[in-house]
Structure formats: C-alpha cells, structure tokens
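So the structure is just underneath, and the comments pick up after that.
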Amino acid sequence: MDFSITTEEEALLLRLREHLQAGNMPHEDELTAELGDEVRQQLHGLAGKGLIVLRQLPGSTVYVEALTPLTESALANRRDVGDE
C-alpha cells in the first residue's frame, strides 16, 4: 500500500469522507461534475494505492463505497498535526 498522497489527493479524500459521512456513496460521474474530469484518474489512483474502495454497478457506473480504515486513521492523524 502506498501511503504517500499529494495535496490534491488529500483534498479529494477529505471531500469523499464528507460525502460518505453524509450517507452518500458518490458516483464517479457526480464527482466529475462537481470537481472536474481529472477526478476520474485520481479516484482510480487512490483505489490503486489501496486508499479507497471503488465498486462498479451494472452499466459501468463506478462509485466510492468507502475509505479504507487506514486512510481514515491517516486523515485523522494529519488533521491532528495541523490542530496543534
């Protein structure tokens, strides 16, 4: 698992966490409309690093099911450092 993330990836992970905490499993198309076309590559990159769980519905719709527990922990730790 690759734990190095860019500032852009961190921002996307935080946005995904907002969606998931609100009970929404955001679809790739929704995120693209909200954040731009580059989000597709970022999502697949984060999934490839093992940081998020992507699922595919029939008809090729991809959605974010979850952040991995390690990602949740890493985001919490990164925020704690900034709060000190």
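General observations
- Test: residue in the stretch 48-56 that is at pLDDT below 95, out of contact with any Phe, Trp or Tyr (no Cβ under 9 Å at 6 or more places or on another chain) and assigned to a helix (DSSP H, G or I): yes
- Qualifying residue in the stretch 31-43 (condition: farther than 19 Å from Thr61 by Cβ, of a type in the set (Lys, Arg) and without any contact (Cβ under 8 Å) to a residue 60 or more places away in the chain): no
- Only residues that are of a type outside the set (Asp, Glu) and loosely packed, with under 11 Cβ neighbours inside 10 Å were counted across the stretch 12-45, and they come to 5.
- Residues that are surrounded by 13 or more Cβ atoms within 10 Å (Cβ to Cβ) and of a type in the set (A, V, I, L, M), drawn from the stretch 48-62: Leu51, Ile52, Val53, Leu54, Val62
- Some residue of the stretch 36-43 being acidic (Asp, Glu) and more than 14 Å from the chain's Cα centre (by Cα): yes
- Figure legend. Inter-residue proximity from the stretch 48-76: first residues more than 11 Å from His27 (Cβ to Cβ) and without any contact (Cβ under 8 Å) to a residue 40 or more places away in the chain, second residues surrounded by 15 or more Cβ atoms within 10 Å (Cβ to Cβ) and charged (D, E, K, R), beta-carbon distance below 9 Å, spacing 6+ or different chains. No pairs are indicated.
- Inside the stretch 22-34, residues that are within 12 Å of the chain's Cα centre (by Cα) and assigned to a helix (DSSP H, G or I) make up a count of 2.
The values are calculated or read from the model by the stated rules, or taken from the named source; none is laboratory data. This one's a predicted model, so the numbers in the text were calculated from it and none came from an experiment. Cβ atoms come from the backbone with ideal geometry, glycine included; neighbour counts cover every protein chain shown.
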